[in-house]
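Reading through the structure tokens given below for one structure.
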Amino acid sequence: MRKLARLILGLLFVFSGFVKAVDPIGSALVFSEYFNAFGVAFLTPLSLPAGIILSTLEFVLGVMVLLDFRKRTAAWGMFLFMSFFTLLTLWLAIFDPVQDCGCFGDAVKLTNWQTFFKNLIFWPFSLILFLQRNRTASIARGVAEWPVCIFFALIITGLSIYSYRHLPPVDFRGFRTGNDIGALLEESRKHPEYTYRTELIYSRQGKQKIFTADSLPDTTWTFVDSRTREIRTGIRHKISDFSVRDINGNSLTDSILDQDQTALVLLITSGNKLDGKTLQKLEPLVTQSRDNNRPYYAISALPTDTIQNILLNNGIEMPVYLADQKTLLTMIRSTPGLMVLKKGVILAKFGFRDFPSPDKWEDLVNDDPEMVIAKTRIHTRLRTQVFVALVLLLIFLLRKGFWFSREHY
């Protein structure tokens with residue numbers, strides 16, 4: 001039973017740590033929501049390091065359990081971790097201060113009650129490891145085990161730093177390359193995540209009763225109050241909100257999603273990195289789009305006049321539209337960032353450190369859209385599979401490797 005518990009919890013924690021590590025900004029946003037919900041918003045600047053530390057801790061703890069390294073330390077860590085988050089998710093499920101606990105990043109979306117029941121299922125396995133922490137001999141001495149744990153901590157931390165400086169190598173969000181924004185929006189409209197029901201409260205002879213607009217009582221009842229209830233349907237959508245408007249508040253969403261030509265879209269969530277060094281790489285791409293009569297524009301969470309002045313001061317003239325900051329952060333984890341759109345389909349995304357060269361941009365625009373998407377998805381899938389395979393293979397070899405056996409010391 002201990003072996004089964006070790007495998008289940010080890011793989012669970014490795015997976016949870018990995019999906020957080022590839023999207024540290026997403027983890028930071030979740031921590032920000034927690035800090036606001038608990039009334040400690042002053043800790044918000046610590047959201048990013050907290051997200052990286054949590055993903056590293058989970059991943060390394062999972063590796064330690066899979067390898068059976070530092071049995072007592074790993075058993076204590078796993079038991080305390082699972083116990084704390086089981087209680088926390090129970091509190092979240094009851095009071096619902098945040099919509100998403102962020103346990104598996106954007107890879108697996110769970111409601112607060114689903115998260116609590118998930119933890120309730122896995123907590124007994126951590127108890128098994130804790131109770132049996134002294135019943136088996138150590139695999140190797142600390143002089144061999146600690147360097148391995150540090151090595152895996154450096155790997156997963158390095159992945160988080162890379163994902164932060166560039167874009168997540170694996171995108172679990174609705175705005176990933178190849179997705180049709182319009183189709184996903186239409187699906188969310190047809191099958192909403194929430195429905196709303198108006199309840200009318202009437203009283204008669206000291207007793208109150210709830211009625212709906214379709215079944216009103218007779219005149220012997222006296223109206224008391226009304227309320228609207230939000231009812232969760234259980235459906236979760238990758239994209240439920242995408243609204244772009246001009247400076248006058250007019251909606252441009254449909255016209256953007258119906259655009260036949262390949263569009264260069266600059267996404268801006270803050271004023272960070274809007275400097276000459278970054279915008280210098282953008283200027284030739286804008287020039288190419290303008291010379292070839294292809295659409296180009298910026299979508300910003302900041303005031304349009306502010307962004308237009310910054311762009312003009314760097315020799316770039318382009319329309320600037322407005323969107324919600326949360327939506328833009330969901331679209332791309334870089335500010336500024338580039339998105340390539342054609343008829344609402346996302347062909348490519350680039351962080352500001354990876355803006356394409358003019359030649360690469362021209363190749364991207366002229367290439368077949370389906371081929372562009374296919375190449376991106378194949379490369380993403382291949383990178384992910386290779387990384388996961390190498391990590392699991394390394395864990396297997398270290399677990400079975402004779403050089404870590406205690407009898408060799």
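The values are calculated or read from the model by the stated rules, or taken from the named source; none is laboratory data. The structure presented is a predicted model; accordingly, all values stated were derived computationally and were not measured. In this analysis, Cβ positions are derived from the backbone assuming ideal geometry, glycine residues included, and neighbour counts consider all displayed protein chains.
Gly51 meets each of the listed conditions (1) surrounded by fewer than 23 Cβ atoms within 10 Å (Cβ to Cβ); (2) of a type outside the set (D, E, K, R); (3) within 22 Å of the chain's Cα centre (by Cα) apart from (1). Is at least one residue of segment 103-122 within 19 Å of the chain's Cα centre (by Cα), among the acidic types (Asp, Glu) and crowded, with 19+ Cβ neighbours inside 10 Å? The answer is yes, given that some residue of segment 103-122 is within 19 Å of the chain's Cα centre (by Cα), among the acidic types (Asp, Glu) and crowded, with 19+ Cβ neighbours inside 10 Å.
Could you tell me whether Leu67 is out of contact with any Asp or Glu (no Cβ under 9 Å at 6 or more places or on another chain) and of a type outside the set (Phe, Trp, Tyr)?
On the way: out of contact with any Asp or Glu (no Cβ under 9 Å at 6 or more places or on another chain): no; of a type outside the set (Phe, Trp, Tyr): yes.
Criteria not met by Leu67.
Scanning segment 238-256 for residues that are under 14 Å from Met331 (Cα atoms) and either in a helix (DSSP H, G or I) or not acidic (Asp, Glu) (or both) yields a count of 6. Do you know which residues across segment 44-71 are assigned to a helix (DSSP H, G or I), in contact with a Ser or Thr (Cβ under 9 Å, 6 or more places away or on another chain) and over 24 Å from Pro168 (Cβ atoms)? Matches in segment 44-71: Met64, Lys71.
Here is the figure for segment 323-368: residues that are assigned to a loop (DSSP other than H, G, I, E, B) and closer than 18 Å to Asn179 by Cα total 6.
In segment 184-204, how many are more than 17 Å from Thr330 (Cα to Cα) and either touching a helix residue (DSSP H, G or I) at 6+ places or on another chain (Cβ under 9 Å) or not acidic (Asp, Glu) (or both)? Steps first, please.
Initial filter on segment 184-204 (more than 17 Å from Thr330 (Cα to Cα)): 186-187, 189-204.
With the extra rule that they be either touching a helix residue (DSSP H, G or I) at 6+ places or on another chain (Cβ under 9 Å) or not acidic (Asp, Glu) (or both), the set shrinks to 189-192, 194-198, 200-204.
Number satisfying all stated conditions: 14.
Tell me which residues, restricted to segment 208-237, are part of a loop (DSSP other than H, G, I, E, B) and not polar (S, T, N, Q). Even if it seems obvious, please write down each step before you answer.
First, the residues of segment 208-237 that are part of a loop (DSSP other than H, G, I, E, B): 212-221, 233-237.
Matches in segment 208-237: Ala213, Asp214, Leu216, Pro217, Asp218, Trp221, Gly234, Ile235, Arg236, His237.
For segment 269-278, the condition of being assigned to a helix (DSSP H, G or I), crowded, with 19+ Cβ neighbours inside 10 Å and in contact with a Leu (Cβ under 8 Å, 6 or more places away or on another chain) holds for none of the residues. Of all positions in segment 303-314, none carries a residue that is without any contact (Cβ under 8 Å) to a residue 40 or more places away in the chain and within 29 Å of Glu186 (Cβ to Cβ). When each of Gly174, Gly178, Gly182, Gly158 is tested for being over 20 Å from Leu11 (Cβ atoms) and buried (at least 20 other Cβ atoms within 10 Å of the Cβ), the lone residue that passes is Gly174. Note on segment 377-403: among residues that are of a type in the set (Lys, Arg) and either touching a residue at least 24 places away in the same chain (Cβ under 8 Å) or farther than 13 Å from Pro169 by Cβ (or both), the one that is surrounded by the fewest Cβ atoms within 10 Å (Cβ to Cβ) is Lys400.
Kindly establish whether Gly315 is more than 30 Å from Leu66 (Cβ to Cβ) and more than 25 Å from the chain's Cα centre (by Cα). Step through it out loud before you land on a result.
Details: more than 30 Å from Leu66 (Cβ to Cβ): yes; more than 25 Å from the chain's Cα centre (by Cα): yes.
Here the answer is yes, as Gly315 does meet what is asked.
Here segment 48-79 is the region considered, the condition is being modelled with pLDDT of 95 or more and of a type in the set (Ser, Thr, Tyr), and the residue that is nearest to Leu397 (Cα to Cα) is Thr56. If you check Ser251, Ser203 for being modelled with pLDDT of 90 or more, under 18 Å from Ala323 (Cα atoms) and among the hydroxyl-bearing types (Ser, Thr, Tyr), only one passes: Ser251. Looking for something more than 18 Å from the chain's Cα centre (by Cα), closer than 27 Å to Ser27 by Cβ and touching a residue at least 12 places away in the same chain (Cβ under 8 Å) - is there at least one such residue anywhere in segment 194-207? Yes: segment 194-207 contains one or more residues that are more than 18 Å from the chain's Cα centre (by Cα), closer than 27 Å to Ser27 by Cβ and touching a residue at least 12 places away in the same chain (Cβ under 8 Å).
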